[in-house]
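The values are calculated or read from the model by the stated rules, or taken from the named source; none is laboratory data. This is a predicted model, so every value here is computed, not measured. No Cβ is skipped: glycine too gets one built from the backbone with ideal geometry, and neighbour counts run over all protein chains shown. Side chains are part of the model used for accessible areas, which takes the heavy atoms of the whole protein and leaves out ligands, DNA and RNA. Shrake-Rupley method; radii C 1.70, N 1.55, O 1.52, S 1.80 Å.
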Amino acid sequence: MPPPASGLRPPASRMEASNRRKGKGNGGLLGGGVMAGIVVKRAEDELANWLATEVGFIGGLCRYDGEPIVLEPYQVAYLDNRSRFRWITKSRQVGLSFVAALEALARCHLRDGHTSVFVSFSQDEAKEKILVARQVYEELPLAYQKKLVVDSKTELAFESNTPGRRVSRILSVPAKAPRGKKGDVLLDELAHIANDREVYTGSTALILRSHGQLTGCSSPLGRRGIFWEIATEELRKYPHHTRQEIPWWLSRFFSLDVKRAAIEAPLMTTEERVERFGRQGIVEQFDSLLLEDFQQEFENRFVDESYSFYSFELILPCTSDGLRLCDDFTDFPHPEGRIVAGFDVGRTRDRSELAVFEERGGRFECRLLRSYNQVPFSEQEADLRRLLESLPVARLSIDRSGIGMTTACERSEQTGREPRRGESEGRHSRSEAATSRKTSLATTPRSRARPSPTPPRSAGPRTSRSCSNARTWSCRRTGRWSPRSTPSSGACCPRVRWPSTPSARGEGTPTASGPSRSPARRSAGPRPARGRPSACG
């Protein structure tokens with residue numbers, strides 16, 4: 001006979017199996033004591049009472065990938081926290097989102113009619129928590145499983161074994177306030193959600209009538225946003241929130257000696273902590289990141305963004321959860337807009353960075369990001385050459401200040417074009433471009449929604465310049481790809497009329513850097529300024 005949902009007392013016939021599970025839990029003892037590697041229960045009632053708690057249910061009954069789940073001390077403290085508002089500042093990869101999914105699963109089995117709601121910063125993260133809970137549910141002993149009546153990527157529902165047949169649910173939604181529901185709420189990675197204050201405000205009422213818990217859990221992201229305000233209380237007091245901090249040295253997967261690190265590490269510098277207690281993975285992370293980035297990602301430090309040119313309030317609304325980056329130039333889908341790229345050369349402290357964007361409807365969508373860490377300049381140059389040969393890049397901007405000057409000049413010589421202002425950026429033009437971009441971000445209405453299709457252009461024929469590379473022609477007005485026969489067929493852009501011969505256009509033969517001008521026009525000096533700027537840039 002299955003045990004009641006509210007009191008998980010193992011049947012007498014199951015006592016032997018329950019005793020065999022001793023020592024495979026998290027080590028939690030009644031009263032919060034921890035003994036690593038073994039759980040001691042002297043009586044059946046004591047064991048039943050322990051299994052009726054979240055810590056006991058997870059440590060005594062749950063398995064993941066066939067292995068018993070061993071909880072960290074800070075995970076036990078998280079599960080034992082009964083305050084209405086829990087606020088957790090944590091390091092990356094310490095398993096708190098994992099244990100939150102287990103807590104929701106345990107409460108759905110220990111309580112009737114319970115609801116747990118996860119709010120994640122992306123759709124993929126929302127699905128991941130449901131996947132974890134679903135997998136652990138499948139490995140529960142059959143005597144303790146409730147009947148699974150709803151099984152989807154964003155919801156699990158369990159029917160109670162009691163006569164009322166009440167249903168408990170786990171829901172997961174991406175980056176929006178879960179209005180119209182009630183129960184426990186977990187705001188996962190709240191600092192990384194663009195509309196964080198709106199999500200928090202719309203979530204607090206869910207625990208009002210259900211007597212549930214609201215949990216804010218995140219790694220830091222600057223001294224801004226509602227998560228930072230509540231975690232630090234620098235602007236005002238939040239007296240009903242209990243706070244917990246979980247840096248990397250409290251995890252046995254990252255620290256060589258957790259007990260000593262918990263006492264000594266807070267008094268050390270970051271370099272001393274990593275050298276003294278860090279395992280190989282933490283040492284590699286420390287060597288791969290800037291000091292401030294490592295402290296923010298792994299040591300719960302809220303980095304002051306006043307030193308950053310672009311604030312997080314300007315950056316976050318320009319991000320997209322569904323953006324998919326290409327791994328290589330050959331993975332690019334057929335472009336619908338104009339392809340532009342930027343290359344920043346670095347060698348000693350900074351890495352070289354390449355970014356490729358597609359311009360559509362006045363918006364730039366990132367298509368590829370590539371870093372070059374301690375890569376010889378010859379290989380970086382070869383990769384840039386392969387970029388230009390593989391894609392119809394309408395514009396490649398290279399920082400020509402410092403060591404970037406050589407790369408910019410070589411690219412200019414190979415293409416036969418003089419660097420235009422903005423194509424090989426110097427320090428002065430780069431500052432102007434950054435200021436202009438910051439102004440546009442601050443004055444343009446921002447939304448995380450997908451960009452709208454390219455708006456219709458004005459009708460009527462118009463002659464446009466062309467750009468090409470070794471394989472293709474591309475109309476610089478639309479950025480569309482087309483075969484080499486395009487200049488005579490006009491198939492690239494219906495609104496661009498291509499004269500049948502170069503002489504009819506008054507220009508020379510097109511080259512890899514664009515159509516050349518005829519000798520007569522070259523001798524006539526620069527072209528006169530027109531009333532409207534060219535759509536080709």
Answer yes or no: is there a residue in the stretch 238-246 that is touching a strand residue (DSSP E or B) at 6+ places or on another chain (Cβ under 6 Å), open to solvent by less than 50 Å² (accessible area, probe 1.4 Å) and over 17 Å from Y74 (Cβ atoms).
yes
Would it be correct to say that G202 is under 23 Å from the mean Cα position of the chain (by Cα), closer than 21 Å to I88 by Cβ and surrounded by fewer than 20 Cβ atoms within 10 Å (Cβ to Cβ)?
yes
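For the stretch 133-151: of the residues being of a type outside the set (A, V, I, L, M, F, W, C) and more than 17 Å from H114 (Cα to Cα), which is surrounded by the fewest Cβ atoms within 10 Å (Cβ to Cβ)? Give the derivation first.
Filtering the stretch 133-151 down to residues of a type outside the set (A, V, I, L, M, F, W, C) leaves 134-135, 137-139, 141, 144-147, 151.
Checking which are more than 17 Å from H114 (Cα to Cα) leaves us with 135, 138-139, 141.
Details: Q135: 14, E138: 10, E139: 15, P141: 15.
In this case the residue turns out to be E138.
Whether any residue in the stretch 235-250 is free of Cβ contacts under 8 Å to residues at least 12 places away in the same chain, of a type in the set (D, E, K, R) and either under 17 Å from K90 (Cα atoms) or in contact with a helix residue (DSSP H, G or I) (Cβ under 9 Å, 6 or more places away or on another chain) (or both) is what I want to check.
The first filter runs over the stretch 235-250 and keeps only residues free of Cβ contacts under 8 Å to residues at least 12 places away in the same chain, leaving 235-237, 239.
Subsequent filtering for residues that are of a type in the set (D, E, K, R) retains 236-237.
Now drop any that are not either under 17 Å from K90 (Cα atoms) or in contact with a helix residue (DSSP H, G or I) (Cβ under 9 Å, 6 or more places away or on another chain) (or both), which leaves 236.
Checking the stretch 235-250: at least one residue is free of Cβ contacts under 8 Å to residues at least 12 places away in the same chain, of a type in the set (D, E, K, R) and either under 17 Å from K90 (Cα atoms) or in contact with a helix residue (DSSP H, G or I) (Cβ under 9 Å, 6 or more places away or on another chain) (or both).
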Of the conditions (1) farther than 23 Å from E72 by Cα; (2) over 28 Å from the mean Cα position of the chain (by Cα); (3) not acidic (D, E), R260 clears all except one; give me its number.
(1)
Can you report the number of residues in the stretch 166-179 which are touching an Asp or Glu at 6+ places or on another chain (Cβ under 8 Å), free of Cβ contacts under 8 Å to residues at least 60 places away in the same chain and not in a loop (DSSP other than H, G, I, E, B)?
3
Taking the stretch 152-165, which residues are in a loop (DSSP other than H, G, I, E, B), touching a Ser or Thr at 6+ places or on another chain (Cβ under 9 Å) and loosely packed, with under 15 Cβ neighbours inside 10 Å?
K153, T162
Six or more apart or on different chains, Cβ under 8 Å: which pairs go from a residue in the stretch 105-116 that's open to solvent by 20 Å² or more (accessible area, probe 1.4 Å) to one that's of a type in the set (D, E, K, R)? Could you list them?
D112/R166; G113/R166
If I ask for residues that are closer than 19 Å to A104 by Cβ, part of a loop (DSSP other than H, G, I, E, B) and either of a type in the set (D, E) or in contact (Cβ under 8 Å) with a residue 12 or more places away in the chain (or both), which ones from the stretch 180-207 would you list?
K181, K182, G183, E189
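From the list V283, V303, V345, pick out the single residue that is modelled with pLDDT of 65 or more, over 17 Å from the mean Cα position of the chain (by Cα) and under 19 Å from R370 (Cα atoms).
Working: V283 fails: under 19 Å from R370 (Cα atoms); V303 fails: under 19 Å from R370 (Cα atoms).
After applying the criteria, what remains is V345.
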Just need a number here: residues in the stretch 63-80 that are under 14 Å from S97 (Cα atoms) and of a type outside the set (S, T, N, Q).
6
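Residue by residue, here is whether (1) touching an Asp or Glu at 6+ places or on another chain (Cβ under 9 Å); (2) at pLDDT 90 or above; (3) open to solvent by 50 Å² or more (accessible area, probe 1.4 Å); (4) assigned to a loop (DSSP other than H, G, I, E, B) holds:
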| position | (1), (2), (3), (4) |
| --- | --- |
| G56 | no, yes, no, no |
| Q93 | no, yes, yes, yes |
| S97 | yes, yes, no, no |
| L131 | no, yes, yes, no |
Flag for T215 being in contact (Cβ under 8 Å) with a residue 12 or more places away in the chain and touching a helix residue (DSSP H, G or I) at 6+ places or on another chain (Cβ under 8 Å):
yes
Conditions: (1) surrounded by fewer than 22 Cβ atoms within 10 Å (Cβ to Cβ); (2) under 24 Å from the mean Cα position of the chain (by Cα); (3) not in a loop (DSSP other than H, G, I, E, B). E271 meets all but one. Number of the miss?
(2)
Tell me yes or no: at least one residue of the stretch 212-226 is open to solvent by 10 Å² or more (accessible area, probe 1.4 Å), in contact with a strand residue (DSSP E or B) (Cβ under 6 Å, 6 or more places away or on another chain) and within 21 Å of R111 (Cβ to Cβ).
yes
